[in-house]
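See structure below.
The values are calculated or read from the model by the stated rules, or taken from the named source; none is laboratory data. Everything quoted here is computed from the prediction, not taken from an experiment. Neighbour counts run over all protein chains shown; Cβ positions are idealised from the backbone, glycine included.
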Amino acid sequence: MDRVAVIGASMTQFGQRNAWVRELLAEAGEACLDDAGVAADELDHLYVSNMASGEFEGQTGIPNALAHDLGAIGAYTQRVDQTSASGGAGVYAAWQSVASGASELTMLVGGEKMTHRSTADATDVIASLTHPAEYKHGVTLPSFAGMTARHYLETYDAPRESLASVAVKNHRNGVDNPHAQFRKEVDAETVLESPIVADPLRLYDFCPITDGSAALLFCPESVAAEYTDDYSVVSGIGGATDTHVVHERDDPTVMGGVVDSAADAYEMSGLTPDDVDVAELHDMFTILEVLQLEDLGFFEKGEGWRAADEGITTRDGELPVNTSGGLKSKGHPLGASGVAQVYEIHRQVTGDAGDRQVAADVGLACNVGGFGNCVTTTVVEAAE
Amino acid sequence: MSFEAHRCENGHVTYPGHTVCPECGAEQTATVDLEAETGTLVTWTTSTATPPGVREPNHLGIVEFDVEGGTVRALGQLTTGDVESGDRMTPVYCDELRDPDAGIREPESQSWDGYRFAPVED
Ligand SMILES: [Zn+2]
């Protein structure tokens, strides 16, 4: 079977932006087309990953808006919403469109505009993904993280400081990412003394609220070299859901959607966790990076907290994780994040990651929606 | 008032109820009232960044109840943040857990009353 190649990639500056969602999407989309030297009217399909442009901004119908703004009128468009995992789900949709033969050239643009709303309002928009039995109690995604972190630390006797090490590492990585929202190192003491948000987690255990956009361009591997020498290949991809009601999961420290989507991605690629050289994980909260390291098969359950603590996942470690700075320091514009994860892996395996470059032929991205409610795992390899 | 978990014909119990049993796909045909029961606090948090219409700080926890044939868990607000995992907890009715008119969700689309959990002295 002809595999699917990534022939172009872009991301905008992440952070507090004076642009609305349409402008952010167009900025990333134009840059991605430029990256591959492709004209907008050549696109067969155009996908937009976005969670809540209607709720945040009162702008719906953004795929059609983007097609018009970019000059891609005539392309088939679709909005992909899977909350925080909209970007990963968009990668899945774009991959499907090319793998199935329905499209010869598909662009995916993920984006979100959030910072014009208060933290309380933005938190409520995101919390509205919860079941009524959860929402009525005022539960937020950060509160799920607090409850899960406490349970993890108590069950596996892991030190609280190990979560701070995740934040320290990802902030260190973000310093070298020109697109990151925060390019500032933090030390463990700062993390551990920052204000409590959802006990035992503190401000620096959480990603910020962010505006931004990222884009990827896909075509069949057989024609990729006609566009560029610097392409990568999506060799495996899987998507899965877990329960909607978070407390109904048998083991609160296992993200079933990560386990299931990774199993599919590994099987399709014919690779195992040992083959992965670099990973972008969904560190919306520090505890999530630890859970994904375990549920993706890199560590035994209960051991993932050691990774950042012992330097295994730092940029010069055995398995560099979140070389981009992760959601933690790069920022988390919901629909853009899963796209920006694959942007980073694409840059790493094509040797174009600048100061963040590590030795990598195989990379993995894991994009998590809700509190593990829906997940896409993608394996991206260097072209042969 | 009752605090109803839902049971399918194969004995699986969930809170809240679902269209079909998530475990086996059978219809949930019976209810189990947890209101007078005592459960165990699995984990908890105190949230200090709460959405519009939600008390601040908001103490939240997951409580596990033993029921015939297994266990069932429920998420809920706690009456106090002075708790530890493993504490014994009992439900306490509250007629409005958050202000229905302050948040993004349509007030008429769901109920807003429910149960908080309070520690019980052994
Ligand atoms: Zn059942």
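Regarding B:Thr90, is this residue free of Cβ contacts under 8 Å to residues at least 12 places away in the same chain and away from the ligand (no atom under 16 Å from the Cβ)?
On the way: free of Cβ contacts under 8 Å to residues at least 12 places away in the same chain: no; away from the ligand (no atom under 16 Å from the Cβ): yes.
It is false that B:Thr90 is free of Cβ contacts under 8 Å to residues at least 12 places away in the same chain and away from the ligand (no atom under 16 Å from the Cβ).
What do you reckon, is B:Arg7 more than 15 Å from the ligand (Cβ to nearest atom), assigned to a strand (DSSP E or B), basic (Lys, Arg) and buried (at least 17 other Cβ atoms within 10 Å of the Cβ)? The answer is no for B:Arg7. The set of residues in the stretch A:222-264 being in contact with a Lys or Arg (Cβ under 8 Å, 6 or more places away or on another chain), surrounded by fewer than 23 Cβ atoms within 10 Å (Cβ to Cβ) and part of a helix (DSSP H, G or I) consists of A:Glu248, A:Gly256. Among the residues of the stretch B:22-34, the one identified as within 14 Å of chain A (Cβ to nearest Cβ) and more than 10 Å from the ligand (Cβ to nearest atom) is B:Leu34.
Cβ separations smaller than 7 Å between residues 6+ apart or across chains give the following pairs from the stretch B:10-26 residues that are within 25 Å of A:Lys136 (Cα to Cα) to residues that are near the ligand (Cβ under 7 Å from one of its atoms) and of a type in the set (D, E, K, R): B:His12/B:Glu23. Would you pick out the residues in the stretch A:267-283 that are in contact (Cβ under 8 Å) with a residue 12 or more places away in the chain and either of a type in the set (Val, Ile, Thr) or over 25 Å from A:His244 (Cα atoms) (or both)? Residues satisfying the conditions are A:Glu267, A:Met268, A:Ser269, A:Gly270, A:Leu271, A:Thr272, A:Pro273, A:Asp275, A:Val276, A:Asp277, A:Val278, A:Ala279.
When the test is whether a residue is in contact (Cβ under 8 Å) with a residue 24 or more places away in the chain and within 9 Å of chain A (Cβ to nearest Cβ), B:Thr46 passes it. Residues considered: A:Gly174, A:Gly138. Of these, the only one that is on the phi > 0 side of the Ramachandran plot and touching a Gly at 6+ places or on another chain (Cβ under 8 Å) is A:Gly138.
B:Thr38 - would you say it is touching a Lys or Arg at 6+ places or on another chain (Cβ under 8 Å) and either in contact (Cβ under 8 Å) with a residue 60 or more places away in the chain or acidic (Asp, Glu) (or both)? Show your work before the answer.
Values: touching a Lys or Arg at 6+ places or on another chain (Cβ under 8 Å): yes; either in contact (Cβ under 8 Å) with a residue 60 or more places away in the chain or acidic (Asp, Glu) (or both): yes.
Criteria met by B:Thr38.
Within the stretch A:175-205, being among the charged types (D, E, K, R), within 30 Å of A:Asp352 (Cα to Cα) and in contact with a Ser or Thr (Cβ under 7 Å, 6 or more places away or on another chain) holds for one residue alone: A:Asp205.
Return the total of residues in the stretch B:10-20 being within 11 Å of another protein chain (Cβ to nearest Cβ) and near the ligand (Cβ under 8 Å from one of its atoms). First the steps, then the outcome.
First pass over the stretch B:10-20, keeping only residues within 11 Å of another protein chain (Cβ to nearest Cβ): B:12-18.
Those still in the list that are near the ligand (Cβ under 8 Å from one of its atoms) too: B:12.
The qualifying residues number 1.
Within the stretch B:28-49, restricting attention to residues that are in a loop (DSSP other than H, G, I, E, B) and in contact with a Ser or Thr (Cβ under 9 Å, 6 or more places away or on another chain), which residue is surrounded by the fewest Cβ atoms within 10 Å (Cβ to Cβ)? In this case the residue turns out to be B:Ala36.
Which of the residues spanning the stretch A:19-73 are polar (S, T, N, Q) and crowded, with 23+ Cβ neighbours inside 10 Å?
Initially, the stretch A:19-73 is screened for residues polar (S, T, N, Q), giving A:49-50, A:53, A:59-60, A:64.
Once the filter is applied, which keeps residues that are polar (S, T, N, Q) and crowded, with 23+ Cβ neighbours inside 10 Å, the stretch A:19-73 yields A:Ser49, A:Asn50, A:Ser53.
Limited to the stretch A:278-307, what total is found for residues that are under 17 Å from the mean Cα position of the chain (by Cα) and among the acidic types (Asp, Glu)?
Going through the stretch A:278-307, the residues under 17 Å from the mean Cα position of the chain (by Cα) turn out to be A:278-293, A:295-296.
From what's left, among the acidic types (Asp, Glu): A:280, A:283, A:289, A:295.
Number of matching residues: 4.
A count restricted to the stretch A:97-152 and to residues that are polar (S, T, N, Q), without any contact (Cβ under 8 Å) to a residue 24 or more places away in the chain and more than 14 Å from chain B (Cβ to nearest Cβ) stands at 1. Among the residues of the stretch B:73-98, those that are more than 9 Å from chain A (Cβ to nearest Cβ), of a type in the set (A, V, I, L, M) and assigned to a strand (DSSP E or B) comprise B:Leu78, B:Met89, B:Val92.
Taking the stated definitions as given, is B:Gly70 at pLDDT 95 or above, on the phi > 0 side of the Ramachandran plot and within 13 Å of the ligand (Cβ to nearest atom)?
Numbers: at pLDDT 95 or above: no; on the phi > 0 side of the Ramachandran plot: yes; within 13 Å of the ligand (Cβ to nearest atom): yes.
Spelling it out, it is not the case that B:Gly70 is at pLDDT 95 or above, on the phi > 0 side of the Ramachandran plot and within 13 Å of the ligand (Cβ to nearest atom).
Among the residues that make up the stretch B:35-51, is at least one of them farther than 30 Å from A:Glu57 by Cα and within 16 Å of the ligand (Cβ to nearest atom)? Within the stretch B:35-51, none of the residues are farther than 30 Å from A:Glu57 by Cα and within 16 Å of the ligand (Cβ to nearest atom).
State yes or no: is B:Leu75 modelled with pLDDT of 95 or more, more than 16 Å from the ligand (Cβ to nearest atom) and over 17 Å from B:Met1 (Cβ atoms)?
Working: modelled with pLDDT of 95 or more: yes; more than 16 Å from the ligand (Cβ to nearest atom): yes; over 17 Å from B:Met1 (Cβ atoms): yes.
Yes, satisfied.
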